[in-house]
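In what follows, a structure is listed as structure tokens, so that the remarks can point back to it.
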Amino acid sequence: MHQAAQADESIVSSVNESRFLGHLRTLFSTSTTVLAECLQNGRRAGASQIDFDYDDLTSTLSITDNGSGIADFRALVTVAESGWSEETMTTEKPFGIGFFSVSFAAEAVIVESRGRQIVFSSEDLIAKRQIRVQPSSFIGGTRISLIKCKLGKMTIRNALGNYAKGFATPVFWMGEEVE
């Protein structure tokens with residue numbers, strides 16, 4: 001038998017974090033959104049060029065930009081935090097979830113910037129495992145390596161052709177500028 005709800009009962013919204021993060025895999029795992037996200041992040045970081053290279057032997061996609069780099073890796077792996085400047089926050093209203101698409105597009109991800117790096121998988125993010133910031137020999141803007149990328153080489157090339165149309169920053173695929 002029901003008991004009548006008490007007059008002072010209240011509830012508040014919440015999020016089941018692990019289920020939410022796990023469901024993001026469904027949205028991003030086979031999507032070329034990861035490419036658009038990397039382009040957008042490079043542009044926001046002030047890059048004058050963004051390079052995409054693919055290693056057939058290891059199925060590794062590397063994205064390198066010469067932008068300002070990443071000051072705080074935590075912003076990459078924190079949902080709803082973007083780490084961008086107040087100006088970018090006001091003009092572009094970044095949502096702070098797009099970088100998760102990178103982790104779902106590969107078995108492992110290496111992000112290098114400003115002489116430091118992080119290495120992680122989507123499982124690490126979902127399980128909220130500690131990700132160690134380590135030294136890196138890469139000093140430039142940012143290099144992201146998607147190890148065992150789930151997107152095929154031609155899928156990447158075709159998607160870049162579409163994303164680069166009208167994009168203000170020059171985009172290169174395997175050393176050649178994408179029109």
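Where a number appears in this text, it was derived from the coordinates with a stated rule and is not lab data. Source: prediction; values computed, not measured. Ideal geometry is used to build each Cβ from the backbone, glycine not excepted, and the neighbour counts take in all protein chains shown.
Below are the figures for this structure:
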item: Environment charge at residue 178 (Cβ cut-off 11 Å; Lys +1, Arg +1, Asp -1, Glu -1); result: -2
item: Residue 108/residue 12 FRET efficiency (R0 35 Å; Cβ-Cβ; nearest 0.05); result: 0.40
item: Residue 139-residue 74 pseudo-label distance in nm [points 7 Å out on the Cα-to-Cβ vector]; result: 2.8
item: Estimated Rh, the range 32-83: Kirkwood, alpha-carbon pairs, angstrom; result: 12.2
item: Separation in nanometres of the label points that stand 7 Å from Cα toward Cβ, at residue 154 and residue 55; result: 2.4
